[in-house]
Structures are given as C-alpha cells and as structure tokens.
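The next block holds one structure in the form of structure tokens; read it before the comments.
The values are calculated or read from the model by the stated rules, or taken from the named source; none is laboratory data. Only a predicted model underlies this, so the values are computations on that prediction, with no experimental measurement involved. Because the Cβ atoms are built from the backbone with ideal geometry, glycine has one as well, and the counts that use them run over all protein chains shown.
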Ligand code: ASP
C-alpha cells in the first residue's frame, strides 16, 4: 500500500478562533484529521507528524526550513510521498526553499493549506488536503511518482513550488504561477501536465539535503521618489553578500548618477546584485530600455522570470553552498530547479 507522511506545520488550515481575542491561533493537528473522516476511505497508509508548536507561517525562519528538510530526509525511504500543511502567507517561500534544499528529489512533496480553518463549514481546507494527498500518492503506469517535485496545491491547481506566488489574501484561489504552466489540474479527474513536470534523467539517486542557508541578502525595492539616504540604509546592511534590486517593468531603475554609482560601488566590492522585476508576470530584460542597459553594464545579474520568493531562496541556498561570490553569480544565471525560463 502507498505510504504518505502528512506534516502539519501550522497555518489557517489548523487554526481556530481564540474566544477572547477572536483572532485565529494554531490548533491541534489531531483535530484536522477528525474534521476529514474521508481520509480513511483512501487506500493509502497515512502517518502524521506535527510541528510543536504549530506556527503561523509569518513566523517561518531558516531553522524551520532545516527542520522540515531533515524530517523529509529521515523519512524519505519509509514513504512514497509527503504532504506539508503550511500557512499560506509564506508558503511560496518555503516551497521555493525546499526545491533547492532537496537535491535528487524523486518523490512528491506537496504543500497545501487553506484560507478558512478546516473546522469551518465553508472551508477550502478539506478539498485542498484530500486532493494534495491524492497527488502525493499518484503513480504513473511504471510505478513512479506522477510529480517528483516540490509543489503547491491550492483550489484545484498544482503549481511548481518555486514558481508560485500568493497573490490573493481573501479568495480561495490564493496562488498563481504566472510564468509557468500548471503541473496538474483537479476536476472530476486529476490531470497531470506531463510536459511541464520535471522527471529525473535517471532514477534511484540518493536524496541530498542542502541545509546550510546563508541569509546575508539585502532587499532594495525601487519606487519613484526614492532618496539616497533610504538606499544607503539598505546598502549598509551588515555583512551583506547579495542584494536583490526590485526593479520596474522588465528590469529598469532610475538612471541618476547618484543611484547608479552606489550600485556600481557595491558590485565592485563583490556584492552579488540581482535584478528582479516588481511585475509578477514576464521577465527581466535589461536590453530592452536604456535604463536597463545601464544596470546590465554596472554588472547586475538578471533573475529572468523568477519570482521574488524563489530568487531569495536561490540566493539563501547558493550563499550557503558557496563561499565565493563568483560561484553564486554563476549559478544565479543557471536554471537549477526549473525556477527560471532562460531565454537564449
Ligand atoms: N497567517 C496564516 C499563515 O500563513 C495565513 C494562512 O494560513 O492562510 O500561517
């Protein structure tokens, strides 16, 4: 029988209202399973593991990712797939991070959660959980997992984990994958999009967990009217090895010398500066406008069509893996886990 491990980390799916404050607080995992008695009908052997304490995903820290990745590593041989119940707020960060941390992954790791707690009548959590389980357990005709990737399932759609963004705080359809097709869609049947799913070139490789995470990344979000003092404050981030520049449109920034000179200076000092667009869809293309060309000449690296979440996760992973920033620069330009569609 197929064996799955459900890992409950927290999030709305398992929350209930605090009678005093009326706000949602994490709750007991056993309650979730009691709310979904249908799980018994599956011909799947399901075990559960609960994080103690369960957290609101706004509290996610790198140590949490390490714990999660190690848990999967420890249980990797015992189970055919994994379902992670996670708060929606930072789910896209965790799914991006895990995609880089879990090297040689050959089993499904499906993250899901909900917009309404599972105990509520109109909850989306029950459907999300049931379909996520079905996807994590699904096997092809040759007995291989249908989706050997880190992915996010939400409101009938399965996305590649490192292509996902949370874009709606209220709607049941809370996630999107603006630059990559769905990996699967759940209707009467679950239809897998085999052309979009990544399959290992050879099977039977050992899972390797990369659990060194280096968070020395500064974030500079551009906006009209940005002042030099605001830029200086970010550039003075202690020990910063990389900077994400959240640029306009297809990767444009102010062309004023005071700004460009500051960026050039930190690049000369060895900081890896990555250009991510503030647009959710489309790609950075620093050749399109003169303002972008100046950045390219200054030595910025393109994040291509990657999400902000996966660019940050990729930097955390690469900075952890490489002590020299030249290697980090090189691999930022490479497609490691399907996180970018690099134009030739
Ligand atoms: N604040 C919650 C969390 O991210 C929201 C959710 O789960 O939807 O943990």
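Residues in the stretch 40-65 that are more than 16 Å from the ligand (Cβ to nearest atom) and surrounded by 12 or more Cβ atoms within 10 Å (Cβ to Cβ): 42, 44, 45, 46, 47, 48, 49, 62. Counting only strands (runs of 3 or more DSSP E) that sit wholly inside the stretch 1-114, those with at least 1 residues that are at pLDDT 95 or above are 2-10, 81-85, 108-112. From the list 128, 75, the lone residue that is away from the ligand (no atom under 16 Å from the Cβ) and farther than 19 Å from residue 198 by Cβ is 75. Only one of the numbered conditions (1) within 26 Å of residue 105 (Cα to Cα); (2) in contact with a strand residue (DSSP E or B) (Cβ under 9 Å, 6 or more places away or on another chain); (3) within 16 Å of the ligand (Cβ to nearest atom) is violated by residue 25, and that is (1). Of all residues in the stretch 96-123, those satisfying the criterion of being within 13 Å of the ligand (Cβ to nearest atom) and surrounded by 24 or more Cβ atoms within 10 Å (Cβ to Cβ) are 111, 112, 113, 114, 118.
Let me confirm something: among 85, 33, which residue is crowded, with 16+ Cβ neighbours inside 10 Å and more than 16 Å from the ligand (Cβ to nearest atom)? Matching residue, one of 85, 33: 33.
A Cβ distance below 6 Å, combined with a sequence gap of six or more or placement on separate chains, defines the contacts here; from the stretch 321-339, residues that are without any contact (Cβ under 8 Å) to a residue 12 or more places away in the chain reach residues that are in a helix (DSSP H, G or I) and buried (at least 16 other Cβ atoms within 10 Å of the Cβ) in the pairs 322/328. Within the stretch 307-344, restricting attention to residues that are part of a loop (DSSP other than H, G, I, E, B) and in contact with a strand residue (DSSP E or B) (Cβ under 7 Å, 6 or more places away or on another chain), the residue that is surrounded by the fewest Cβ atoms within 10 Å (Cβ to Cβ) is 333.
Number of residues in the stretch 205-225 that are out of contact with any helix residue (DSSP H, G or I) (no Cβ under 8 Å at 6 or more places or on another chain) and either under 24 Å from residue 317 (Cβ atoms) or surrounded by 15 or more Cβ atoms within 10 Å (Cβ to Cβ) (or both) equals 5.
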